Structure formats: structure tokens, C-alpha cells
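To keep things clear, I will list the structure first and then write my remarks on it.
The values are calculated or read from the model by the stated rules, or taken from the named source; none is laboratory data. All of these numbers come straight from a predicted model, not from anything done at the bench. Note that each Cβ is placed from the backbone with ideal geometry, even for glycine, and that neighbours are counted across all protein chains shown.
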Amino acid sequence: MSRPAAISLSGVTKRYGDTLAVDDVSLSVAHGEVFGFLGPNGAGKSTIVKMVLGLTYPTAGEIEVLGQPVGSLAARAEVGYLPETFRFHDWLTASELLHFHARLARVSADVRSQRVRELLELVGLKDRVNDRISTFSKGMMQRVGLAQALVGEPRLVILDEPTSALDPIGRRDVRDRIRELGERGVTVFLNSHLLSEVEQVCDRVAIIDHGSIVAEGNLDELLSAQEIEIRAGDGAEAALDQAEVRRINGRLRVRVANDAETAHLVSRMVDAGVPVYDVRQVGDSLEDLFVRVAERGDV
Ligand SMILES: Nc1ncnc2c1ncn2[C@@H]1O[C@H](COP(=O)(O)OP(=O)(O)O)[C@@H](O)[C@H]1O
Ligand SMILES: [Mg+2]
């Protein structure tokens, strides 16, 4: 039998009154995968995370987490969660707060102090360990939040917009932490509307818009569906024989599904005796992909 997925959703729908927040989503995240869940504000990302955690319930569909039904104690014990918005007990110091969460996560007493110290150092709060949370900036709170999510050494870490309050250095730090988790075999589910963040750390992504998944796959695959720009001699347009060839500054622009299609188009021009001077991919960032998906509803 194959190992159960770390997260599996099948046919999940969530309505809040008249709002269809999540519309028939099926999704599977493998163990050890760093999975990016992307979408504009209001797309349904946080709602999915809350259902995966058992904090709210689907109107329809099934969800399993680490091979267990959602909300079971066994599953919860192995999941770390950084909510998108949170309020900590801000009269506590960073260290006290983490000790509190370590106890909740049943970290044994003999390793607690060391774990807390290491984590606060890891998230860059070494010098603020004994300061009260009430004196922290939003970015520092988010760092504490990340340490809190990791305190129980979870097998699955769910991060909902983990860098929204961070400056560029903070963002880079969090990306590094996520990479380290991935390298240690921890499954990471990263919700974000920040494409660059996901682009840099995730193995696989899904894009959600208006409650539905509109694209899913390996980043390389998704990014290879894009436009190419061709500089070639006379007759190129005829040789390409594509429905949509645009001409921009004397160069031709064609949309292709993958690298194989690019190679195919080049060979058609060459076969037709058209000199090909330059072929390059344009718009190779996730940002372009995202805009395309959001605007046209396709990839
Ligand atoms: N508790 C709630 N009650 C009513 N509507 C909600 C609630 N939570 C989210 N929604 C609605 O569900 C949709 C998806 O929201 P959300 O999952 O928070 O999106 P995202 O995290 O992608 O920004 C939005 O239209 C939002 O207004
Ligand atoms: Mg959200």
C-alpha cells in the first residue's frame, strides 16, 4: 500500500452563507513536499487551511491529514501552524510564550528550555528572549509565531502568509527556515499571495482563484507554459502556422505549452528554410503565470 498523503482533500466545498469560499477542491500533498498554495486575497486559501486543521468544517467533501481524519488528536499532535492573523498572550515574554506552547505540544521538560532557546535564536530573536510580546513589532510577532509553529517538532507545518509583516531580510530568513524544514523531510504547506516567496522555496504549487484550483503542478512545468520571442528571417510567420502569432518590435511572440513545443516550432522554421537568429522565453516568473491565470482563467 502506498503511504498516505500528508494532506488530502477530495471534493471539498465550503460555504459561508451565500459566499462560496471553496468550490469542489481536490488536492494532495505528499510527505516531505514543500507545497505552495497561491492565490489572490479572498481566493479561499485560509479557509482551506482552517479546514485542514479542523478549525472550521467543510460543507461537503473529505479531508485527511497525515493519514488521519481531520481534527483527531493524533493528527493535531504532529502539525505546526502559523495562523495568518493571531494574538498572543502579549504580557508574556517571548521565552515564556514558547515555553507555554512547548508544554501544550507536550515537549518533555528536560528538552524544553534548550528547544525554546534554539528556536528563538533560529528566528532571529536571540536578543529579545526576555522581552514582553507587547513590545514587539508585527514582524517580530511573526517570527515568534514561526517559532511557536515549530516548537513541537511537527511532521507537517502549515504557514498562512508567514512573511506578510516582514521586511526583505525577514522574508529571506523565513525562506531559509522553510528550505531547512524541507531538507529535513518535514512537509510544508505554505499559503501565500507572494509569488516570489513560493517560487523560491516550493517543489510544487497550486493556484486558487475564487475558490477553485486553476493550475497545479511542478513549478518548472507551470513556468514552461509561457511565451517565446523569436527573431527570424522572412517567412517565419507562415512557417509557424500558429493561430496567435503577434509581432512586437519586429520579433514574433507565440504562446507555447512546454519546451517540446518550442523545439517543434523552431524545427518548422528551419525546415521551411527560414533563418532563426534568436529564440528566448519571456515572462518566466510565477508572477506572469499568476496574472495570466487570474485574467484569462487558463494557464
Ligand atoms: N468566517 C467567515 N465568514 C464569512 N465569510 C468568510 C469567512 N472566512 C472567509 N470568508 C470569505 O471566504 C472567502 C475566502 O476567504 P479566505 O479563505 O480568507 O481567502 P484567502 O485566505 O485566500 O485570502 C472570502 O470571500 C471571504 O470573505
Ligand atoms: Mg488568507
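Exactly one residue out of Thr85, Thr19, Thr59 is surrounded by fewer than 17 Cβ atoms within 10 Å (Cβ to Cβ), among the β-branched types (Val, Ile, Thr) and away from ligand 2 (no atom under 16 Å from the Cβ): that is Thr59.
Out of curiosity, is Gly39 surrounded by 13 or more Cβ atoms within 10 Å (Cβ to Cβ) and of a type outside the set (Asp, Glu)? The answer is yes for Gly39. Each residue in region 100-110 was checked for being within 27 Å of the chain's Cα centre (by Cα) and outside any helix (DSSP H, G or I), and 1 of them qualify. Counting just the residues of region 176-203 that are farther than 21 Å from Ala165 by Cβ and of a type in the set (Val, Ile, Thr), which one comes out surrounded by the fewest Cβ atoms within 10 Å (Cβ to Cβ)? So the residue we want is Val186.
Number of residues in region 6-54 that are under 21 Å from Pro69 (Cα atoms), hydrophobic (A, V, I, L, M, F, W, C) and touching a residue at least 60 places away in the same chain (Cβ under 8 Å) equals 12. Total residues in region 68-99 satisfying the condition of being within 21 Å of the chain's Cα centre (by Cα) and touching a residue at least 60 places away in the same chain (Cβ under 8 Å): the figure is 7. Of the helices (runs of 4 or more DSSP H) lying entirely inside region 166-275, those carrying at least 1 residues that are under 19 Å from the mean Cα position of the chain (by Cα) and aliphatic (A, V, I, L, M) are 168-183, 195-201, 219-224. Go through region 21-52 and give me each residue that's within 8 Å of ligand 1 (Cβ to nearest atom) and more than 19 Å from Glu197 (Cβ to Cβ). Hits for region 21-52 are Ala21, Val22, Thr47, Lys50. Return yes or no: is Pro162 in contact with a strand residue (DSSP E or B) (Cβ under 7 Å, 6 or more places away or on another chain), modelled with pLDDT under 95 and not in a helix (DSSP H, G or I)? Considered against the rule, which asks whether it is in contact with a strand residue (DSSP E or B) (Cβ under 7 Å, 6 or more places away or on another chain), modelled with pLDDT under 95 and not in a helix (DSSP H, G or I), Pro162 comes out as yes. The condition (being within 16 Å of ligand 2 (Cβ to nearest atom) and either in contact with a His (Cβ under 7 Å, 6 or more places away or on another chain) or not in a loop (DSSP other than H, G, I, E, B) (or both)) is satisfied by just one residue among Ser46, Ser113, Ser95: Ser46.
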